[in-house]
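Asker: Sending over a structure as structure tokens; questions will come in a sec.
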Amino acid sequence: MSDSAVLVVGAGPTGLALALALARHAVPSIVLDATDGAPPRRATRSCVLRPDTAAWLPTVDGARWPGWRIQRRRQLVRHLPLEPGDSPVHLEQHALERALRDALGRETHATIVSGGHVDHLEQDADGITAHTREPNGAWWRGSFLVGCDGARSTVRKLLGVRFAGRTAVERHAVAALRTRLPWEGEALLHRDPGGEPGEVTARPLPGGVWRLDWLLPPRGELVTPEELLDRIHDTLAVWCAEEGEPAEGHPYELLDTGVHISHQRLARHWRVERAFLAGDAAHLEGALGVSSVDEGLRDAANLAWKLALAWHGGHRGTATETLLDSYETERRGAVGARLRAVDQVLPLVRRGGGLRTLLPGGGARAHLELLADCHLGRGPLGGPPRYARSPLAPARETVVPVPVATTPGSTVADVPVTSLSGERGRLRGWLGGAGDGGELLVVLVAPGTGVWDSRHWRSAGMMPELAATVRGLPLRAELLVAESYPGAAAHTVLAIRPDGHLVAALPAARTGQLRACAEAVSGGAGDRGQLAS
């Protein structure tokens, strides 16, 4: 057992992804899994990942939708084609967990311990200790601990953190079935099918499987198996009749059923000294199609590189209270804003009152557009968060940015890039510490470099000076070049965090400003009370 490992409690998607991200930053972790290590295979237990989130995970067999259809009664309200790079990934959760476990099995920095339930925590100035009840009682010592142990989080309760919010905000009857629907893999949101009040979504999964969700009253009666079969039959009959197919007897294979309940809760604190909360242990959402698994993975991406800086900080002096506190500030602020947006829109979308006065072209069409934003990961209800007021943003007096299409604190565009060694790929492939870099990516916009071998431009123009500056930054960084970036002029430099959020866009010649960005990302000048690992 390593005294300096990060203890990760819980082996769901968030905990496994966090351990994998830490391993990419050469930080050891021990995942304490209260289960036997075999995730339940439930076809109705699926998740939707946004493209930028899915990019830093292992390759998983998921369905990317070629389009999104919005329909009300028999009328097609909108058909939105989706490019592969803009389409969400829909997959069964057990497939995601299996892929993450397989990836961790190839890492030397991660260990998964099954069958141990944490029942006690102790913290001191040098680390944190957890006790597991099984097997045979064991103590585990680490530098930090992250509770990723779900909605009923034991870690959260042991830390005494309140989990305020609302219960049963939305309920859906869910069925997974293998069949052929008329839309060739496109996802569908259908309001009032067959002319009767109601709402159903149909989202494809790999292997010809579809997940269907019917909106239920928040606190209605239990849904019997017979009622669920009637919903399946009636819905398929409507869709097939609209496409000119026989309405009766549409073949399907029923794989799984259930009732999904969405809660809205937010932990009061996400950090208590050396302990952190992430995923469902820190927040619950899911109403209006907001993806809770995706938000948990964003927690992991945000926290991993900060813990890595803190863990390696004994050698570089970059682990500060500001850096670690920024996790709660950024992620709790982003999730809180999402929950507030859902709370404001939920009664309007579900009951329709007043929305026409709030949105241009309101009414039923606007309701459906808002729901589409949630499912597709767009707008304030579903889009990637922007850390506009991050404690890790450089001070205005130290940086004079240049304009690009991405605002500081937002996620960057996935443009083609080339490393100094000549390796080519997409920008997202270098995020999360997956490349030779680590805590910062520096991208130079240099038109023309894409058609030349890297040896021809590594020593040309400003490249030697910029490369030397990157090597001398107070954290581990990698320099890439891009032919272009949306809204950026030639010789613009982008400073990008490992979680894909833009720190600043700068003129290439202002190397001092690049250093200021690096110091800000590492928590400042490093004099705010370093935590030794």
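Read-outs: derived from the displayed coordinates by stated rules, not from any lab. Nothing here was measured: the structure is a model prediction, and the numbers come from that model. Cβ: placed from backbone, ideal geometry, glycine included. Neighbour counts: every protein chain shown.
Asker: On a 0 to 90 degree scale, rounded to 10, what angle separates helix 511-521 from the longest Cα axis of the chain?
Answerer: 60
Asker: Using alpha-carbon pairs under 8 Å, 6+ residues apart, how would you state the relative contact order of region 268-330 in percent?
Answerer: On the way: 43 pairs, mean separation 18.2, N = 63.
Relative contact order, region 268-330: 29 percent.
Asker: Next question. Say each of GLN123 and ALA26 gets a label point 7 Å from the Cα, pointing the same way as Cα to Cβ; how far apart are those two points in nm?
Answerer: 2.8
Asker: Go through region 326-332 residue by residue and turn each phi into a ³J(HN,Hα) via Karplus (6.51, -1.76, 1.60, θ = phi - 60°); whole Hz please, and just put x for glycine and proline.
Answerer: 5, 4, 5, 4, 6, 6, 5
Asker: Okay, moving on. How much net charge surrounds LEU82 when only other residues with a Cβ under 9 Å from its Cβ are counted (Lys, Arg +1; Asp, Glu -1)?
Answerer: On the way: positive: ARG64; negative: GLU83, ASP86, GLU186.
Every neighbour counted, the sum reads -2.
Asker: Residue by residue through region 473-486, which ³J(HN,Hα) values in whole Hz follow from phi under the Karplus form 6.51 cos²θ - 1.76 cosθ + 1.60 (θ = phi - 60°), with glycine and proline marked x?
Answerer: In residue order, the calculated couplings are 5, x, 8, 6, 9, 9, 9, 10, 10, 10, 4, 7, 8, x Hz.
Asker: Could you list which residues have their amide H under 5 Å from that of GLY150, counting only those 5 or more apart in sequence or on another chain, with H placed in the peptide plane?
Answerer: Those qualifying (amide H under 5 Å, at least 5 residues apart or on another chain) are ASP280, ALA281.
Asker: Can you tell me how region 65-133 classifies by the Cα gyration tensor, rounded, prolate or oblate, using a/c under 1.5 as the rounded cut?
Answerer: Details: a/c = 3.44, a/b = 2.62, b/c = 1.31.
Because a/c hits 1.5 or more and a/b exceeds b/c, region 65-133 counts as prolate.
Asker: Right, something else. Quick one: Karplus J couplings for region 159-172, per residue in order, coefficients 6.51, -1.76, 1.60, θ = phi - 60°, nearest Hz, x for Gly and Pro?
Answerer: Karplus values, whole Hz, x for Gly and Pro: 7, x, 8, 6, 10, 7, x, 10, 10, 6, 5, 9, 10, 10.
Asker: Taking only Cα atoms, what is the 0 to 90° angle, nearest 10, from helix 333-351's long axis to the longest principal axis of the chain?
Answerer: The angle comes out at about 20 degrees.
Asker: Work out how much length GLU423 to ALA509 would gain on full extension: take 0.36 nm times their residue separation and subtract the Cα-Cα distance, in nm to one decimal.
Answerer: Details: separation 86, 0.36 × 86 = 30.96 nm, distance 2.45 nm.
Separation in residues times 0.36 nm, less the Cα-Cα distance, equals 28.5 nm.
Asker: In nm, what is the difference between 0.36 nm times the number of residues separating ALA151 and ALA168 and their Cα-Cα distance?
Answerer: Roughly 4.8 nm would be gained on extension.
Asker: Same structure again: Counting DSSP beta bridges with both partners in the chain, what percentage is antiparallel, nearest 5?
Answerer: On the way: 72 of 99 bridges.
Within the chain, antiparallel bridges account for around 75 percent of the total.
Asker: Still on this structure, I have one more. For every helix of n ≥ 4 consecutive DSSP H residues, a contribution of -39,500 (n - 2.57) applies; sum these over the chain, divide by its total residues, and give [θ] at 222 nm rounded to the nearest 500 deg cm²/dmol.
Answerer: On the way: 15 runs with 148 residues, N = 533.
Mean residue ellipticity, 222 nm, calculated: -8000 deg cm²/dmol.
Asker: Here's a follow-up. Amide H neighbours of GLY258 under 5 Å, at least 5 residues apart or on other chains, H built in the peptide plane: list them.
Answerer: For GLY258, the qualifying residues are VAL174.
Asker: If you take Cα Rg over 2.2 N^0.38 Å from the coordinates, which of (1) 1.14; (2) 0.91; (3) 1.01 do you get?
Answerer: So the structure-derived entry is (3).
Asker: Once you put a point 7 Å from the Cα of ARG106 and another 7 Å from the Cα of VAL400, both along the Cβ direction, what distance in nm separates them?
Answerer: 4.7
Asker: Hey, rough spin-label estimate for ALA490 and GLN75, points 7 angstrom out along Cα→Cβ, what's it come to in nanometres?
Answerer: Here the answer is 5.2 nm between the modelled labels.
Asker: Oh, and also: Based on the mean of other Cβ atoms within 10 Å per residue, sort peptides 71-79, 29-37 so the most packed one is first.
Answerer: Details: 71-79: 14.7, 29-37: 20.1.
Descending mean neighbour count gives 29-37, 71-79.
Asker: Percent relative contact order of the chain, based on C-alpha pairs within less than 8 angstrom and at least six residues apart?
Answerer: After rounding, I find 15 percent.
Asker: Can you tell me, using C-alpha contacts under 8 Å and at least 6 residues apart, the relative contact order of region 1-104 as a whole percent?
Answerer: Working: 145 pairs, mean separation 32.6, N = 104.
Relative contact order here is 31 percent.
Asker: Let me know the shape class of region 100-147, please: from the alpha-carbon gyration tensor, a ≥ b ≥ c as square roots of the eigenvalues, rounded when a/c is under 1.5, otherwise prolate if a/b is greater than b/c, or oblate. Don't skip to the answer; put the middle values down first.
Answerer: Values: a/c = 2.70, a/b = 1.39, b/c = 1.94.
Note, shape of region 100-147 comes out oblate.
Asker: Something else about it: By its C-alpha gyration tensor, with a ≥ b ≥ c as the square roots of the eigenvalues, how is region 8-66 shaped: rounded for a/c under 1.5, else prolate for a/b larger than b/c, else oblate?
Answerer: oblate
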